[in-house]
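Q: I'd like to ask you about the structure that follows.
The values are calculated or read from the model by the stated rules, or taken from the named source; none is laboratory data. None of these values were measured; they are calculated from a predicted model. No Cβ is skipped: glycine too gets one built from the backbone with ideal geometry, and neighbour counts run over all protein chains shown. In case anyone asks, the SASA skips ligands and DNA or RNA and just uses the protein heavy atoms, side chains included. Shrake-Rupley method; radii C 1.70, N 1.55, O 1.52, S 1.80 Å.
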Amino acid sequence: MAQTYKYKLFNNRTNPSKTTLVKGVDVSHRLNTLDYVAMLRAHYLIVLISILTCALAGMAAALLKTPTYEATMLLQVGPAFSRKIGSFGEERNGQENNINVASETEIIKSRAVIGAAANDLALYINARPNYFPIIGRFFAAKSDVSRTIIFPMFEKYCWGNEYIDVKAFDVPNSLLDKKFEISLQRGGYYTLHSYATRESFVGHIGIARKFHSKLGNINLHVGSVFGQEGQSFILLRRPEISVIEDLQASLTVSESAKASNMIRVAFKGSSPAATYSFLKSLSAHYLEISGRGRTGSIVRSMVVANLGLPDFKLRMELADRKYNDARRKYEVANVGDVGAATANRVIQLREKHSDILRKRVELGSSLGPSHPLLIAVNEQLRAIEAELNTAEREVARIPAMEEELQNLARDAKINADLYTALLRSSKELSFAAEKYSAEVRVVDPPVEPTERSDAPWRLFIGCLTLGGVIGISSAIIMGVMQRRVC
């Protein structure tokens with residue numbers, strides 16, 4: 001009979017003008033709103049069961065879902081006003097220097113910055129309480145104390161606020177991403193069990209230990225633990241590159257507005273404190289690496305210049321002192337005055353010597369050799385001759401004196417120029433370092449989030465809506481099928 005009904009329906013579709021009643025039902029009648037309402041009323045249990053089932057599933061998923069928290073910070077980059085130093089060490093106006101915001105966002109997301117932050121917080125070590133599957137984390141989140149279950153088979157699970165602090169955990173490469181379990185024992189001892197090698201080791205809380213495994217050495221330092229005897233914790237050593245890639249996926253870096261030079265950094269994590277700590281460490285390492293990359297060579301050059309300034313200043317002062325002592329020694333103001341002064345002195349002494357010699361000849365013709373006047377003239381003549389001989393010897397030494405003064409003057413000038421150039425370079429480097437260090441700054445530092453960012457109620461509403469759609473659709477489909485088959 002079912003085949004006959006299907007055939008009659010097919011004939012009715014091919015002949016819309018013909019009306020055929022099948023068991024008292026007009027199959028050519030088009031469904032209206034009242035028909036759909038009647039279907040829903042007839043199959044209301046399906047609708048209610050579908051809505052309740054999806055609502056319960058959504059509620060369970062919302063309650064058991066790992067919470068997500070988001071911490072944000074705001075950075076400002078450039079532009080910076082560069083300053084220039086003139087030839088005499090004076091400051092001159094420069095121009096603005098813009099930083100490429102796109103390159104700064106890539107620096108923030110780079111492995112160098114994220115890896116440094118991960119090292120600070122030991123994010124490669126995944127140590128957590130061993131919760132009961134599915135519902136254990138939910139019960140632990142609602143408890144403020146360490147709790148155990150009366151059933152012996154469940155005593156190893158954590159049901160409260162238990163925690164473990166692992167200072168160091170290093171394993172061979174073959175044991176990376178392999179599960180370890182730490183079970184608490186009496187007297188502060190613990191048992192480390194490796195699921196990969198099926199080995200167990202005993203250690204003490206607060207003492208770094210080195211265990212010899214089949215696949216290599218295992219270094220473990222458990223700093224502190226809060227839990228009860230018999231409870232266990234899951235320990236995992238993750239590869240560094242995997243941790244960095246996961247952190248990069250959870251990190252969002254974008255420019256707040258076009259050409260605003262403002263960078264917004266957001267990071268999502270499952271713990272408010274861990275999320276805040278990572279973003280804080282990230283900002284510190286970004287500023288350090290970014291500033292060191294721009295000013296590293298500048299700072300090193302500035303340090304070298306500042307260290308050399310006292311030595312060059314001392315050398316300059318020593319050269320000036322030697323040159324001034326030589327000028328006072330030779331009684332000249334400039335290097336070129338040495339020859340002229342000595343030559344003029346020789347000429348004057350020769351003229352004076354000729355005058356005294358002529359005077360002695362005149363007196364000798366009229367006075368005797370023992371006359372006091374003649375004796376005085378002879379003494380003057382001998383003094384003039386001695387002075388003239390000294391002056392002539394100085395004339396012979398003039399080239400050497402001029403060379404000495406010239407060398408001292410040249411040394412004094414070179415040392416003065418070197419000191420001036422080094423001082424000017426130090427000022428330029430100082431201004432350059434100041435410019436670059438001021439180009440990146442934290443406008444809004446990260447703060448610890450207090451509310452979840454994933455909004456679990458949205459998951460519940462979505463499941464509830466999905467249940468309604470599934471229930472209504474199922475009721476209508478069943479109503480249509482019954483209407484055509486009956």
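Q: Keeping all protein chains in position, work out how much accessible area Glu385 exposes to a 1.4 Å probe, and write it in Å² to the nearest 10.
A: Glu385 has an accessible surface of roughly 70 Å² with all protein chains in place.
Q: Same structure again: Hey, can you grab everything whose amide H is under 5 Å from the amide H of Asp454? Only 5+ residues off in sequence or another chain; H modelled, so Pro and N-termini drop out.
A: Amide H to amide H, under 5 Å and 5 or more residues apart or across chains, Asp454 pairs with Thr68.
Q: Let me ask something else about it. Take Asp325 and Ala38, extend 7 Å from each Cα along the Cα→Cβ direction, and tell me the distance between the two endpoints in nm.
A: In this crude label model, Asp325 to Ala38 measures out at 12.7 nm.
Q: Shifting gears a bit: Which entries in Lys179/Lys268; Lys329/Lys352; Lys109/Lys280; Lys109/Lys268 show an alpha-carbon gap greater than 20 Å?
A: Over 20 Å Cα-Cα: Lys179/Lys268; Lys329/Lys352.
Q: Note down the accessible area of Tyr189, probe 1.4 Å, to the nearest 10 Å².
A: Solvent-accessible area, nearest 10 Å²: 110 Å².
Q: What is the Cα centroid distance between the range 155-176 and the range 191-246, reported in whole angstrom?
A: 6 Å
Q: Then there's this: Report, by chain and number, residues whose modeled amide H sits under 5 Å from the one on Tyr163, excluding near sequence neighbours (fewer than 5 apart, same chain).
A: Amide H neighbours of Tyr163, under 5 Å, 5+ apart: Phe226.
Q: A follow-up question, please. Of Met478, Met39, which has the most accessible area and how do the rest follow, probe 1.4 Å?
A: Largest to smallest exposure gives the sequence Met478, Met39.
Q: Any idea how far apart Arg111 and Glu448 come out in nm if each label point goes 7 Å out from Cα toward Cβ?
A: Between Arg111 and Glu448, the label points sit 3.3 nm apart.
Q: Pulled fully out, how much extra length does the chain show between Thr465 and Thr53, if you take 0.36 nm times their separation in residues and subtract their Cα-Cα distance? Let's see the in-between values first.
A: Working: separation 412, 0.36 × 412 = 148.32 nm, distance 1.14 nm.
Result: 147.2 nm gained on full extension.
Q: Now a separate question. For a quick check of understanding: with a 1.4 angstrom probe and all protein chains in place, what accessible area in square angstrom does Leu63 have, to the nearest ten?
A: The accessible area comes out at roughly 90 Å².
Q: Apply the a/c threshold of 1.5 to the C-alpha gyration tensor of the range 166-297 and tell me whether it is rounded, prolate or oblate.
A: prolate
Q: Let me ask another. Roughly how many nanometres apart are two label points built 7 Å out from the Cα toward the Cβ at Ala421 and His193?
A: Taking the two extended label points, one gets 7.5 nm.
Q: If you don't mind, another one. Along the range 455-469, what does the Karplus equation 6.51 cos²θ - 1.76 cosθ + 1.60 (θ = phi - 60°) give for ³J(HN,Hα), rounded to whole Hz, x for Gly and Pro?
A: Each residue of the range 455-469 in turn: 6, x, 5, 5, 5, 5, 4, x, 5, 5, 5, 4, x, x, 5 Hz.
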